[in-house]
2 protein chains.
Amino acid sequence: MGRESYWASDPSELLRAGEGFTLADVDPHSHPGFDGDKADGEKALAEGAAILAEQQELLFANSRGGDDERRVLLVLQAMDTAGKGGIVKHVMGAVDPQGVQLAAFKKPTDEELAHDFLWRIRKQAPSAGMIGVFDRSHYEDVLIGRVRELASPEEIERRYGAINDFERELTAAGTTVIKVMLHISLDEQKQRLAERLERPDKHWKFNPGDIDERLLFPKYQEAYQVAFDRTSTTDAPWYVIPANRKWYSRLAVQHLLIDALEAMNLEWPKADYDVEEQKARLAAS
Amino acid sequence: MGRESYWASDPSELLRAGEGFTLADVDPHSHPGFDGDKADGEKALAEGAAILAEQQELLFANSRGGDDERRVLLVLQAMDTAGKGGIVKHVMGAVDPQGVQLAAFKKPTDEELAHDFLWRIRKQAPSAGMIGVFDRSHYEDVLIGRVRELASPEEIERRYGAINDFERELTAAGTTVIKVMLHISLDEQKQRLAERLERPDKHWKFNPGDIDERLLFPKYQEAYQVAFDRTSTTDAPWYVIPANRKWYSRLAVQHLLIDALEAMNLEWPKADYDVEEQKARLAAS
């Protein structure tokens, strides 16, 4: 396949937060495994879009035409401006909207707070045949939850285990879980926030609270490191994607999705009716 | 705007099912108001995609940055193969997925049947700032419901009024309701079903029940006519779109959406914070 030629080595391996992974060692400006510049990256993204769209249709078809329970869940986490929205728009936007289940998790409502932190998450788990995308997720409860001490230390500790149990349930039910942290530098974030303040058509994307969060950047990096240490499992691994270059982070996420789908060896489901008989019925109708 | 040059007259007017509208008079192969061929239509669709995407972002921004309650609901109804899925993929697919709320209504579950027919529909009404799309809808309950006598005649009668009340609630809450029937001919449907039976990659899209429904085509046309007569209101009009030519039906739906959004005169919301003050805070961070 054309897209393979750009990758010097498999990004899924390079980007996985495995044993001994250290966030501080990742350069947000790098583009691991990809031998090419921005123009090459955009070309590869366009080529990948067609592949991803076909794989998604196969996944969807098998849940409908067959009884395939498989599905994908892409979890997106990042500091503000790192490009979660761009992934949804430019990677998922190339896929038939009928096959995508998108859930954006904002500050919890009073009703949500009255339940366990996984209550609102479970309701949005993707159905068979779908690609679910979480724009923020249950990880907020061990990220902002930890940094801003929104729960007791004991409760935060409990959550790592609860998350692993929950994700094990998902994978057992046929979900391929792909957890992505988009990693930008403090400087890059400053530039991107400045752009939102410069351009009147971007003002709505800025919130003064974004700067409050920015001031806690090092504490968030620590909280991410703990999350990787505790929840990057074989079944539901974390991938840390350098995101200072948007073209790279989009391409890398697209690649993770394509890899996950291709690993399913999907084929068009066989008809569960007699094709010739139906042709005859149709001809007579 | 470039796209206007193709339209000899406003399709929103031409396609509306107003007083005295008769479905039987609409030629499914026609392309009302559009002076051009397939290539022109595809070019116009690509141009419209950028306009629709910007209008959608404005709508979304105003619900977030401002407190604008406005939203859009596109209701899609049609006989099998008429192209609902293609509208979702090719018209809505050009829009940021974060701004689209898609709901596909299948055969009701037992739980849904235990409630009023509008119960499951209300839960999927779009939130402020969103474009909601119903792939099938509450109209199934007066279409298949009527044709296959799934409810008593009295209950079917009651539903037209209940639908008008419900849609009046939606519009009062800031929803622009656009109801679209994609109109194909019996012959065109035969060809499209035949293609699904010919191609193994399309077998999953075919269901023997599609032919059972096809045999009731005239009864469905009658049921649609009654629905138009009873529920095409000033606030929530029906549009009947000739759909034998896919390029035309997609373009026409896109046009209806753009028209509805442009009529809102959306502008980028003003910042609700002091921009200069935030620039200074950011610089110091």
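Taken together, the values in this text are just the output of simple stated rules run on the coordinates, not laboratory data. From a predicted model like this one, the values you see are computed outputs, not experimental measurements. As a convention, Cβ positions derive from the backbone with ideal geometry for all residues, glycine included, and neighbour counts pool all protein chains shown.
The Cα center of the stretch B:1-63 and the Cα center of the stretch A:99-119 differ in position by 38 Å.
Counted by neighbouring Cβ atoms within 10 Å, the residues A:19, A:188, B:47 run from fewest to most as A:19, B:47, A:188.
Checking the a/c ratio against 1.5 first, then a/b against b/c, what shape does the Cα gyration tensor give for the protein assembly as shown? Mind dumping the intermediate values first?
Details: a/c = 1.75, a/b = 1.53, b/c = 1.14.
Prolate, since a/c reaches 1.5 and a/b exceeds b/c.
Chain B comes nearest to the axis taking it onto chain A at the Cβ of one residue; that residue and its distance, in whole Å, are B:97, 3. Remark on residue A:183: its backbone amide H falls under 5 Å from those of A:241, A:243, a criterion applied only to residues 5 or more positions apart or on other chains, H modelled at 1.01 Å from N. FRET efficiency for the residue A:169 to residue B:168 pair, using the beta carbon distance and R₀ = 56 Å, is estimated at 0.85.
Tally Lys/Arg at +1 and Asp/Glu at -1 over every other residue whose Cβ is under 14 Å from the Cβ of residue B:22; what's the total? All intermediate terms of the calculation are to be shown ahead of the outcome.
Numbers: positive: B:16; negative: B:19, B:25, B:27, B:222, B:229.
Combined, the nearby Lys, Arg, Asp and Glu give -4.
The slack between residue A:262 and residue A:118, meaning 0.36 nm per residue of separation minus the straight C-alpha distance, is 48.9 nm.
The distance separating the Cα centre of the stretch A:154-220 from that of the stretch B:266-285 comes to 21 Å.
Give the peptides A:38-46, A:199-207 in descending order of average Cβ contacts within 10 Å, highest first.
Values: A:38-46: 15.8, A:199-207: 17.4.
For the peptides A:38-46, A:199-207, the packing ranking is A:199-207, A:38-46.
Is the C-alpha gyration tensor of the stretch B:132-192 telling us rounded, prolate or oblate? Criteria: a/c under 1.5 is rounded; beyond that, a/b larger than b/c is prolate, otherwise oblate. Here the stretch B:132-192 falls in the oblate category. With the largest listed first and rounded to whole Å, the semi-axes of the equivalent ellipsoid of chain A from the Cα gyration tensor are 34, 24, 19.
Relative to the other identical copies, residue A:199 shows label-point distances of 3.8 nm, where the label point lies 7 Å from Cα along the Cβ direction and values run shortest first.
A straight chain from residue B:219 to residue B:191 at 0.36 nm per residue would run longer than the Cα-Cα distance by 8.0 nm. For residue A:264, the label point sits 7 Å beyond Cα toward Cβ; its separations from the matching points on the remaining copies run 3.3 nm, from shortest to longest. Zone of residue A:24 (label point 7 Å along Cα→Cβ, backbone N under 11 Å): which residues in the stretch A:188-227? Under cut-off, by backbone N: A:222.
Pairs from the table (A:202/B:43; A:107/B:84; A:89/A:190; A:246/B:205; A:89/B:38) lying more than 25 angstrom apart at Cα are A:202/B:43; A:107/B:84; A:246/B:205; A:89/B:38. Between the amide H of residue A:101 and those of A:131, A:132, A:133, distances stay under 5 Å, these residues lying 5 or more places away or on another chain, with hydrogens modeled in the peptide plane.
Tell me the trypsin sites (Lys or Arg not before Pro) within the stretch B:69-106 that lie in a loop according to DSSP and have at most 14 other beta-carbon atoms within 10 Å. Each step should come with its number before you reach the end.
Numbers: sites: B:70, B:71, B:84, B:89, B:106; in loops: B:70, B:106.
Answer in residue order: B:106.
Enclosing the Cα atoms of the stretch A:143-261 in their convex hull gives a volume equal to 134 cubic angstrom per residue.
When Rg and the Kirkwood radius Rh are both evaluated on Cα atoms of the stretch B:1-87, their ratio Rg/Rh stands at 1.02.
Place a point 7 Å from Cα of residue A:201 in the direction of its Cβ. Which residues in the stretch B:57-72 have their backbone N less than 18 Å from it? Under 18 Å, as judged by backbone N against the label point of residue A:201, lie B:57-66 of the stretch B:57-72.
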